[in-house]
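Below is one structure, written out as structure tokens; the observations come after it.
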Amino acid sequence: MRSIISSEEEHLYSTEPITDSARALITAMQQLRGAQQRQEARSLDQSGLHSQDLRALRYIVQADRSGQPISPKDLITMLKTSSANVTNVIDRLVKKSLVTRDPHPTDRRARFLKPTGVAINEVDAAFEEHHAALIAAANGIPQKDVDTTIRVLGELTAALNDVA
């Protein structure tokens with residue numbers, strides 16, 4: 001018998017889908033979510049970082065790749081946490097030589113966060129395999145199916161976003 005944790009993506013809703021096709025769609029979404037959660041857990045284990053530290057590091061690397069400066073205040077908003085918590089996260093990342101605090105060009109009190117080469121390599125190593133698998137699968141899907149999937153996912157996303 002499978003444990004509740006191993007079948008978590010098969011959670012039963014209080015209101016079941018009416019049609020077989022809706023049930024199959026919800027099941028497929030739950031299975032995708034479960035697969036994503038397992039890959040995120042694998043990436044977290046591989047990185048050896050705290051969950052919030054890895055999220056912060058991903059934001060910092062993404063900002064760097066986009067050529068956008070990122071500050072501790074930005075991380076407070078992105079991580080939806082306190083200034084004290086972000087300070088602790090940054091301190092841990094700096095201590096591990098994954099992030100540097102660079103001076104702001106015009107405000108000597110402010111700092112920008114920059115990932116080190118080691119950090120970029122760690123983020124890539126932690127996520128590269130499952131991102132590559134997703135991209136390879138997406139590249140193999142026919143355009144008409146992609147168009148339908150985008151439309152359906154958009155409708156489902158809108159429904160979730162409309163929940164108060």
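The numbers here are math on the coordinates, done by the rules we state, and not lab data. From a predicted model like this one, the values you see are computed outputs, not experimental measurements. Note: ideal-geometry Cβ built from the backbone for every residue, glycine included; neighbour counts use all protein chains shown.
As an exercise, find the ratio Rg/Rh for the chain from alpha-carbon atoms, using the Kirkwood inverse-distance average for Rh.
Ratio of gyration radius to Kirkwood radius: 1.05.
Provide, for the chain, the number of lysine pairs with alpha carbons under 28 Å apart, each pair being eight or more places apart or on different chains.
Working: Lys73/Lys95; Lys73/Lys96; Lys73/Lys114; Lys80/Lys95; Lys80/Lys96; Lys80/Lys114; Lys95/Lys114; Lys96/Lys114.
Going through the chain pair by pair, I get 8.
Using 0.36 nm times the number of residues separating Thr106 and Gln31, minus their current alpha carbon distance, what extension gain do you get? Don't jump to the answer; show the numbers that get you there.
Working: separation 75, 0.36 × 75 = 27.00 nm, distance 4.89 nm.
Taking Thr106 through Gln31 to full extension adds about 22.1 nm, to one decimal.
Between Ala24 and Asp124, what FRET efficiency follows from the Cβ-Cβ distance if R0 is 25 Å, with the result rounded to 0.05?
Computed FRET efficiency for Ala24 and Asp124: 0.10.
How far, in nm, would the chain grow between Lys96 and Glu40 when pulled straight, counting 0.36 nm per residue and subtracting the alpha carbon separation?
18.0 nm
Counting helices only, and only those DSSP H runs with n ≥ 4, report the 222 nm mean residue ellipticity of the chain as the sum of -39,500 (n - 2.57) divided by its residues, in deg cm²/dmol to the nearest 500.
-22000 deg cm²/dmol
Return Asp53, Asp145 ranked ascending by Cβ neighbour count within 10 Å, so the fewest neighbours appear first. Could you put the intermediate results ahead of the total?
Details: Asp53 21, Asp145 9.
Sorted ascending by nearby Cβ count, the order is Asp145, Asp53.
Mind giving me the nanometre distance, one decimal, between the label points for Ala158 and Ala84, set 7 Å out from Cα along Cα→Cβ?
4.4 nm
Over region 20-158, what is the relative contact order in percent, taking alpha-carbon pairs closer than 8 angstrom and at least six residues apart?
22 percent
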